[in-house]
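Visitor: After the structure tokens below, expect a handful of questions from me.
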Amino acid sequence: MRRDVFQAIADPTRRAIILLIASQAMTPNALAEHFDMTRQAVSKHLRILTECSLVKQEYNGREIYYQLEEDKMKEIDQWLEQLRKIWESRFNELDKVLLTLKNSKK
């Protein structure tokens with residue numbers, strides 16, 4: 001079963017994991033050092049992120065490194081960009097109304 005990407009990134013711990021591995025691939029042990037939780041709990045978060053294709057695994061000997069899946073992050077950004085454009089348009093319209101009101105009071 002595929003998980004919903006937005007449910008996955010709704011969790012603050014998973015967002016923190018994404019930020020940590022955005023700059024470099026990390027093992028579950030290395031990630032666990034940044035949180036007040038067990039390695040198993042971190043692994044559960046990594047499993048969810050992997051199921052959503054937000055992170056991918058890379059094996060180096062016996063170690064598993066997790067790294068950001070950039071293409072999936074770009075998909076999220078493209079979706080958010082649609083919302084950004086809508087809100088920017090609304091704010092621009094509000095600015096025009098406020099400017100009109102301000103000028104009419106003069």
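Visitor: Just in segment 36-106: which GluC sites (Glu not before Pro) are loop by DSSP and have at most 13 other Cβ atoms within 10 Å? Please report the intermediate quantities before stating the final value.
Guide: Numbers: sites: Glu51, Glu58, Glu63, Glu69, Glu70, Glu75, Glu81, Glu88, Glu93; in loops: Glu69.
Nothing satisfies the criteria.
Visitor: For Lys105, give me every one of the lysines with a C-alpha distance below 20 angstrom, ignoring sequence neighbours fewer than eight places off in its own chain.
Guide: Lys96
Visitor: Mind checking which lysines have their C-alpha under 19 Å from Lys72, skipping anything on the same chain fewer than 8 residues away?
Guide: Those lysines meeting the cut-off are Lys56.
Visitor: Which value in deg cm²/dmol, rounded to the nearest 500, describes the helix-derived mean residue ellipticity at 222 nm for the chain, given -39,500 (n - 2.57) per DSSP H run of n ≥ 4 and division by the residue count? Please list the in-between numbers first.
Guide: Working: 5 runs with 71 residues, N = 106.
Helix-only estimate at 222 nm: -21500 deg cm²/dmol.
Visitor: Something else: Where does the Debye-calculated log10 I(q)/I(0) of the chain sit at q = 0.12, 0.14, 0.16, 0.24 Å⁻¹, using only Cα point scatterers of equal weight, no solvent?
Guide: Evaluating at q = 0.12, 0.14, 0.16, 0.24 Å⁻¹ gives log10 I(q)/I(0) of -0.52, -0.62, -0.73, -1.28.
Visitor: I'd like to know how segment 45-106 sits against the 2.2 N^0.38 Å rule of thumb: what's its Cα Rg over that expected value? List each step's numbers first, then the result.
Guide: On the way: Rg = 22.0 Å, N = 62, 2.2 N^0.38 = 10.6 Å.
This ratio for segment 45-106 stands at 2.09.
The numbers here are math on the coordinates, done by the rules we state, and not lab data. As the structure is a prediction and not an experimental result, all values here were calculated from the model. Positions of Cβ are generated from backbone atoms using ideal geometry, with glycine treated the same way; all protein chains shown enter the neighbour counts.
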